[in-house]
1. Among L208, G90, L231, which residue has its Cα furthest toward the positive end of the charge dipole of region 7-305, with +1 on Lys/Arg Cβ and -1 on Asp/Glu Cβ?
2. Region 72-144: which GluC sites (Glu not before Pro) are DSSP loop and have at most 12 other beta-carbon atoms within 10 angstrom?
3. Grab the other residues whose beta carbon is less than 14 angstrom from that of E125, score K and R as +1, D and E as -1, and report the net.
4. As an exercise, use a Förster radius of 25 Å and the Cβ-Cβ distance of L240 and D181 to find the FRET efficiency, rounded to the nearest 0.05.
5. Before I look further, what does the chain give for accessible area per residue, probe 1.4 Å, in whole square angstrom?
6. Could you work out how far the C-alpha centroid of region 76-126 sits from that of region 1-68, in angstrom?
7. Which order do H206, H30, H167 take when ranked by solvent-accessible area (1.4 Å probe, heavy atoms of all protein chains), largest first?
8. Once you treat every alpha carbon in the chain as an equal point and sum by Debye, what is log10 I(q)/I(0) at q = 0.08, 0.10, 0.14 Å⁻¹?
Amino acid sequence: MKQAPTPGTIQAIHDQPFPDLVRRAMECHHQHWNPREIQFCVLDALRTGNCSEDCAYCAQSAHHTTELKPNPLKEEASVLAGALQAKAAGATRYCMATSGRALREGPDFEHVLGIVRAVSDLGMEPCVSLGLINSAQARRLKAAGCAIYNHNLDSSRLVYERIVSTHTFDERLATIRAVRDAGLQVCCGGILGLGESVNDRIHFLHELASLDPVPDAIPINILVPIPGTPLEGMPPVPPLEVIRVIATTRILFPTSRIRLAAGRSSLGPEAQALAFLCGANSIFTGEKLLTTPGSEVDSDQALLRNLGMHSEGRVG
Ligand code: DTB
């Protein structure tokens, strides 16, 4: 196993003068990726709300009183209609999430397997985020054509234990191991704006760097404060702090996809452009994320055109 960089090394990368940080991140990005290309991912909430877990940031927890209306598992046909629309809009990856601690084995899990198969048959990369899973489930997802599994560490271990009490950081690590052992790719990232310190961000990146191998994709979400959740009043994260995290992530994980995920529109076009320069090369596009508004595909395509960039699989 390659030794993970120490928290001290990560801090030194993160804290260096901005011009040096940006230059290093750009060099790294140009060396490993086509810097004009951005992967478009579309999210679909297969089941929403009624969640037993108490994640302080989430609209879907039954522990908080939010405006969200719970929905049972979607029918395959409506998911496929969404996937086809996403494909036509230029998305190559379709990310499907279910609320809840885990997906019960039996009809619910079989239903999702069928959806994964059908999305894969459309020629899109299916990604799922189904909470905690075991090795047998991970292997069945792989066999059904699932490309990648999303399960975030969210933040440092200390912050995690402050924002979630219904499951542990170690349970999350066990799911990530099961996913990896089944031969699925791992999508694992976090959320900025949970009240964490810079030191927590360093420790979060250190946790990601300690995964062996490191994640294939790293979503960086910015908290969207949801009324009725314990984090409803959190102050916004200054965009330059987001950029520092993106640039540090690019330097630490040269060959991982970095996804500018939830909260992206709060950055505005200038900071998004800066994030792309510093190594972010994937976004969630579309009018809706899971429960919060997203960013319209047309405006994302227009932003990229304006920058002389394009979505992956599309030229010009
Ligand atoms: C991830 O890192 N971000 C996605 C996905 N993985 C499943 C979720 C974003 C949700 C944003 C808040 C909402 O819409 O409720």
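The values are calculated or read from the model by the stated rules, or taken from the named source; none is laboratory data. A quick note: this is a predicted structure, and the numbers were derived from the prediction, not measured. Don't worry about glycine lacking a Cβ; one is built from the backbone with ideal geometry, like all the others, and counts go over all protein chains shown. What goes into the accessible areas is simple: the full protein's heavy atoms, side chains included, and nothing from ligands, DNA or RNA. Shrake-Rupley method; radii C 1.70, N 1.55, O 1.52, S 1.80 Å.
1. G90
2. Those satisfying the criteria are E75.
3. Here the count lands on +2.
4. That gives a FRET efficiency of 0.05.
5. Value returned for the chain: 43 Å² of accessible area per residue.
6. About 22 Å separates the Cα centre of region 76-126 from the one of region 1-68.
7. Values: H206 45, H30 105, H167 15 Å².
The most accessible residue leads, giving H30, H206, H167.
8. -0.33, -0.52, -1.11
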